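Single-structure report; data block below.
Bear in mind these aren't lab numbers, they're just calculated from the coordinates by the rules spelled out. Every value quoted in this text rests on a predicted model; they were computed, and no experiment measured them. Here the Cβ is made from the backbone with ideal geometry for all residues, glycine too, and neighbour counts use every protein chain on show.
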Amino acid sequence: MQYRLIKKTGDEIFPLGFGAMRLPLKNGKIDRNKAKELIYHAINKGVNFIDTAYLYGDSETFLGEILKGEYADKVKICTKLPAINVRKYEDMEEILSEQLKRLQRDSIDYYLIHAVDSKAMNRLLKKDLIKFLNNARNEGKIRHIGFSYHGPKEEFPLLIDVYDWDVVMVQYNYFDENVQASIEGIEYAASKDMGIFVMEPLKGGILAGKMPSQAEEIFKKANPNKSNAQWAMEWVLNNRNITCVLSGMNSPEQLEENLEIAYKTTPMSMSFEDLETVEIVKRVMRDSLKINCSTCGYCMPCPRGVNIPECMKIYNEKFLFNHKGFINQSLMDYFQYVCGIMGNSGNAGKCNGCGKCLRKCPQKLDIISELKKVKKEFEFPGMKYILSFVRHIGFPLYRQLVKLLNR
Ligand code: SF4
Ligand code: SF4
């Protein structure tokens, strides 16, 4: 069985981590028996990293209940500080104490600042985040420290440099190689010996499900026995800088499929032909895009803060993966990643047409017109107020509700 070493911490981690965000549910609550069985099975098969967060409903409490006895020392627990809930220094201390209580542990193995970009990080730095982290580590409450990232690629190295982080959690898959942390950002983090955990290796399940027919045919022709999910997971694990991929598994079949991939995909083990196949599929998918944006990010930064590649990407995905309905995956992504629910807002509607990005685009796109299309597709009157309501009232209410339910 192969484990991957995090040079910074000395821990050896199995390449498949268990994401405890989408545990099996029953009547809207975690199906405790089913979820326990699934997690124990994963651990018995070699999984030794479980990822949760303060904001993942009842997940921390549930893990605290089941990871005892022989299972207590078999896994590293990773949980996260919800940046969005921190108003003052004391909030960080209070949240960490609550997490230790929920997890029934004296110490958290990996403690990450949840879903930050530069704006969210700067806000926390002003609240003495570094002092909090150092104190918590000196007191033994947390062992290793990192952050999970959702921001534009040019900000990622800046965040890497603000502290002596041990690990980072990033979105990475073959379709999103150039956005968010990006391949260059991952290399930069690896050059500092940091562990790199990957979320969304299947792009929220999109790369595992029904893909454009031409892309499916290419994969099937190359290997009729390999699923779309396998292609996507293998591609991520083939990168030697990746410590492990996190998968929010909620069925034994999913777990078995992922375990099989994790057992056999060692770094740099994909053949040249297989890598070429993924490249061709990517090209086919890119050719079907409504906007011919490669998400290279050369147009950034925008003086108005528009996250141009992410706006284009989400717009393209809506049509590529045929997202339908009033509330669909693309709209949710747009709200989450560019409208500032979690941090900076970089939505298309902020573009004032200054034109500074135009000459930087190698595709010679008329970015201003394309952003107008994006705005028309996803934005609506009053959106700003709704999102502000969600951020300042909806999330805090949700937090209180989770607290009440956990009592
Ligand atoms: S034209 Fe719009 S997107 Fe481009 S730099 Fe100016 S404000 Fe930003
Ligand atoms: S708009 Fe052009 S420069 Fe900007 S990310 Fe897309 S292709 Fe690259």
Quiz item: So who's got an amide H within less than 5 Å of the one on ILE142, skipping anything under 5 residues away but keeping other chains? H placed 1.01 Å off N, in plane.
Solution: ILE108, ARG137
Quiz prompt | Fewest-first ranking of ILE367, ILE291, using other Cβ atoms within 10 Å as the exposure measure | solution = ILE291, ILE367
Practice problem: Would you mind telling me the antiparallel percentage of the DSSP bridges in the chain, rounded to 5? | Solution: 15
Self-check item: Structure-based [θ]222 nm, the chain - -39500 (n - 2.57) summed over DSSP H runs of at least 4, per residue, nearest 500
Solution: -12500 deg cm²/dmol
Self-check item: Most mobile listed residue (LYS34, LYS221, LYS350) in the chain, GNM with C-alpha springs under 10 Å
Solution: LYS221
Practice problem: Give the order of ARG304, ARG143, ARG102 when sorted by the count of other beta carbons within 10 angstrom, beginning with the fewest. | Solution: ARG304, ARG143, ARG102
Quiz item: Which of ILE145, ILE160 comes first, and how do the rest follow, when ranked by fewest Cβ neighbours within 10 Å?
Solution: ILE160, ILE145
